[in-house]
Amino acid sequence: MAPSRGYSALVGVHNIFAAYRGCPSRILATIPARQSAVYHRSPSRLFATTASLRSGHSRWSKIKHDKAKVDASKNRQRSIFAHEIATASKLFGGDPGSNPRLADLITKAKREGFAKASIEAAIARGQGRSTTGASLESVSVEGILPNNIAIIVECETDSKLRTLADVRLAIKDHGGSTTPTSYLFAKRGKITFESKEGIGQDEILEPALEAGALDVAEDDDKRVVVFAEPTETRAVGDAISKALDVQIATSDIIWEANEDTKVEIASEQAADDIHAFLDKLEEKEASLQSVAMNVSQGRLSADSWEDIKSRIA
């Protein structure tokens, strides 16, 4: 193979210096200046090329980050639709013809591009069955991920053994292990109400306390959220809904991490690892209902923390 042009140029320069080593200065002065130019030009090109690569890498990182934010937003919206449709089906029946709340949610979901199959699956899940008509079973898997992050994964499935195997494998593949963690959490009922003009946290507080609620708050969408004892969740939600004529958006039993057991997310990379785990779960396990984690914001930016919060119970 013939030597490259760059290699030949360097050999030429080396030979020039070897030939004139020890020559008087008047002879060296006659060496054409362009030989020096050839020698010094190559590093400049290398430097310019490196800068260009860094610039390209920076643009790619920004594109990846922006895409991740868009994907997270879409996933969150899909999750909200699925959850609310299942709740409406569970509370008021699975027939949109006799359930105005369900019919309204289906219309909104279709407008946002929510798949027909996903709508049907959510309606069926609210009725406690799969789209094939098989009864659903609740499955809960506890575990620990790297950095001592405790998790509780909950699913509703028509194939308990398959779901258990899939969830356990996902935990193992991300460096974790299955082990009891529920002692790090407390079970609470969580009722989220639809937004209604003139009805906010202050207006709901009194009827909520009278109904036996534990706490009242607002979510990121400014909707009122009421917490209750797990066994009182349905009764508390119905009482508030009737007293103020507000619709129940979602009604769930959740696992809430105890404050003294929460683990700070140490870096953006740690957040990426959490997203990768959740992505794997959602990809492999269609029956996934919720994932509880004992994490707090730590060193994450506000945007990154919101992305994480939107995906966990």
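The values are calculated or read from the model by the stated rules, or taken from the named source; none is laboratory data. Quick caveat: nothing in here was measured; it's all calculated off a predicted structure. Please note: Cβ atoms are built from the backbone with ideal geometry, for glycine as well, and neighbour counts cover all protein chains shown.
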Please name all residue pairs, on different chains or six or more residues apart, with Cβ atoms under 8 Å, provided the first residue is in segment 236-263 and is free of Cβ contacts under 8 Å to residues at least 12 places away in the same chain and under 30 Å from I151 (Cα atoms) and the second residue is of a type outside the set (S, T, Y) and surrounded by fewer than 19 Cβ atoms within 10 Å (Cβ to Cβ). none
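Each row is one residue, and each column tells you yes or no for (1) within 23 Å of L91 (Cβ to Cβ); (2) assigned to a strand (DSSP E or B); (3) of a type in the set (A, V, I, L, M, F, W, C); (4) modelled with pLDDT of 95 or more.
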| position | (1), (2), (3), (4) |
| --- | --- |
| P180 | no, no, no, yes |
| Y183 | no, no, no, yes |
| A186 | no, yes, yes, yes |
| D202 | no, no, no, no |
| A213 | yes, no, yes, yes |
| K222 | yes, no, no, no |
| V225 | yes, yes, yes, yes |
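Quick one: which of S182, S140, S177 is without any contact (Cβ under 8 Å) to a residue 60 or more places away in the chain and surrounded by fewer than 15 Cβ atoms within 10 Å (Cβ to Cβ)?
Numbers: S182 fails: without any contact (Cβ under 8 Å) to a residue 60 or more places away in the chain; S140 fails: surrounded by fewer than 15 Cβ atoms within 10 Å (Cβ to Cβ).
One residue alone meets the criteria, S177.
Any chance segment 294-304 includes a residue that's assigned to a helix (DSSP H, G or I), out of contact with any strand residue (DSSP E or B) (no Cβ under 6 Å at 6 or more places or on another chain) and touching a residue at least 40 places away in the same chain (Cβ under 8 Å)? Quick ask: steps written out before the conclusion?
From segment 294-304, those assigned to a helix (DSSP H, G or I) are 302-304; that's our starting set.
Then keep just the ones that are out of contact with any strand residue (DSSP E or B) (no Cβ under 6 Å at 6 or more places or on another chain); that gives 302-304.
Restricting the remaining residues to those that are touching a residue at least 40 places away in the same chain (Cβ under 8 Å) gives 303.
Yes: segment 294-304 contains one or more residues that are assigned to a helix (DSSP H, G or I), out of contact with any strand residue (DSSP E or B) (no Cβ under 6 Å at 6 or more places or on another chain) and touching a residue at least 40 places away in the same chain (Cβ under 8 Å).
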Filter segment 248-261 down to the residues that are surrounded by fewer than 18 Cβ atoms within 10 Å (Cβ to Cβ) and in contact with a helix residue (DSSP H, G or I) (Cβ under 9 Å, 6 or more places away or on another chain), then identify the one that is nearest to A211 (Cα to Cα). I253
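Kindly establish whether V236 is in a strand (DSSP E or B), modelled with pLDDT of 95 or more, within 30 Å of S130 (Cα to Cα) and touching a helix residue (DSSP H, G or I) at 6+ places or on another chain (Cβ under 6 Å). Write out each step before concluding.
Numbers: in a strand (DSSP E or B): no; modelled with pLDDT of 95 or more: yes; within 30 Å of S130 (Cα to Cα): yes; touching a helix residue (DSSP H, G or I) at 6+ places or on another chain (Cβ under 6 Å): yes.
No.
Please work out which residue is farthest from A103 (Cα to Cα), limiting yourself to segment 244-279 and to residues that are assigned to a strand (DSSP E or B) and among the aliphatic types (A, V, I, L, M). Working first, answer last.
So the first thing to find is which residues in segment 244-279 are assigned to a strand (DSSP E or B), and the list is 248-257, 263-264.
Those left that are additionally among the aliphatic types (A, V, I, L, M): 248-249, 253-254, 257, 263.
Values: I248: 14, A249: 13, I253: 24, I254: 26, A257: 35, V263: 41 Å.
Filtering first and then ranking leaves V263.
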